[in-house]
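A short worksheet on the structure shown next.
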Amino acid sequence: MKTPSQTLSRRLALGFTLIEVMIVVVIVAILASVAYPSYQDYVTRGRIPEATAALSAWQVRMEQYFQDNRSYLSGANCGARKPDDTTSFTFDCVDQTQTTFTLQANGRGAMSGFQFTLNQDNVRATPGVPSGWGNAQTSCWVSKRGSC
């Protein structure tokens, strides 16, 4: 009588049947179809702080500029230097006056469709989100699907 280890050794020596290989392929495909969208969502969520952190730092510089100059304007531009554009976001100062400003981050590339804003009253908004990420928000920054 053969021991289980001898049976397994013989089985491995003969190889796998086509059915066994196909079952493994199907299982791997099912796992990949579930995991890949989750991974894409995770990567997108990981890029959002790139915009929100830059807007927050820019707001601090704007407030420092205002303390020194009593205005948010420097000629026709916002007073403080804007952050450098990144591969995922561009930054703009919109709706600025001497006493108000709105800072904006616009998504590009893989982050296309995202738009984050921040103003002098620290009001954070997400006026633009790609489809599938829920609705635009006027009182918070969207950091994950369907919520702030």
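Can you pull out the residues in the range 50-72 that are under 25 Å from Thr138 (Cβ atoms) and not small (Gly, Ala, Ser)? Full working, then the answer.
First pass over the range 50-72, keeping only residues under 25 Å from Thr138 (Cβ atoms): 50-63, 66, 72.
Listed by number, the residues that qualify are Glu50, Thr52, Leu55, Trp58, Gln59, Val60, Arg61, Met62, Glu63, Phe66, Tyr72.
Could you list, in sequence order, the residues of the range 67-99 that are among the aromatic types (Phe, Trp, Tyr) and within 12 Å of Ala54 (Cβ to Cβ)? Before the answer, list the steps.
Filtering the range 67-99 down to residues among the aromatic types (Phe, Trp, Tyr) leaves 72, 89, 91.
Selection gives Phe89, Phe91.
Give me the pairs: first residue in the range 129-148 and within 15 Å of Val43 (Cβ to Cβ) and in a loop (DSSP other than H, G, I, E, B), second residue among the β-branched types (Val, Ile, Thr) and modelled with pLDDT of 85 or more, beta-carbon distance under 6 Å, and six or more apart or on different chains, which are they?
Every condition considered, the pairs that remain are Ser143/Ile48.
Quick check on Asp121: is it of a type in the set (Asp, Glu), surrounded by 12 or more Cβ atoms within 10 Å (Cβ to Cβ) and more than 19 Å from Val43 (Cβ to Cβ)?
No: the conditions fail for Asp121.
Taking the range 83-109, which residues are surrounded by 19 or more Cβ atoms within 10 Å (Cβ to Cβ) and over 23 Å from Arg47 (Cα atoms)?
Across the range 83-109, the qualifying residues are Gln96, Phe101.
Taking Leu8 as meeting all but one of (1) surrounded by 11 or more Cβ atoms within 10 Å (Cβ to Cβ); (2) more than 24 Å from Pro127 (Cβ to Cβ); (3) at pLDDT 90 or above, write down the number of the exception.
(3)
Filter the range 27-82 down to residues that are small (Gly, Ala, Ser) and surrounded by 17 or more Cβ atoms within 10 Å (Cβ to Cβ) and give me whichever is nearest to the chain's Cα centre (by Cα). Steps first, please.
Of all residues in the range 27-82, those small (Gly, Ala, Ser) come to 29, 32-33, 35, 38, 46, 51, 53-54, 56-57, 71, 74-76, 79-80.
Those left that are additionally surrounded by 17 or more Cβ atoms within 10 Å (Cβ to Cβ): 51, 54, 79-80.
Working: Ala51: 8, Ala54: 13, Gly79: 28, Ala80: 25 Å.
Of everything passing the filter in the range 27-82, Ala51 is nearest to the chain's Cα centre (by Cα).
Looking only at residues in the range 52-88 that are touching a Lys or Arg at 6+ places or on another chain (Cβ under 7 Å) and touching a residue at least 40 places away in the same chain (Cβ under 8 Å), which one is farthest from Gln115 (Cα to Cα)?
If we take residues in the range 52-88 being touching a Lys or Arg at 6+ places or on another chain (Cβ under 7 Å) and touching a residue at least 40 places away in the same chain (Cβ under 8 Å), then Trp58 is farthest from Gln115 (Cα to Cα).
The values are calculated or read from the model by the stated rules, or taken from the named source; none is laboratory data. Since we're looking at a predicted model, the values are computed, not measured. Positions of Cβ are generated from backbone atoms using ideal geometry, with glycine treated the same way; all protein chains shown enter the neighbour counts.
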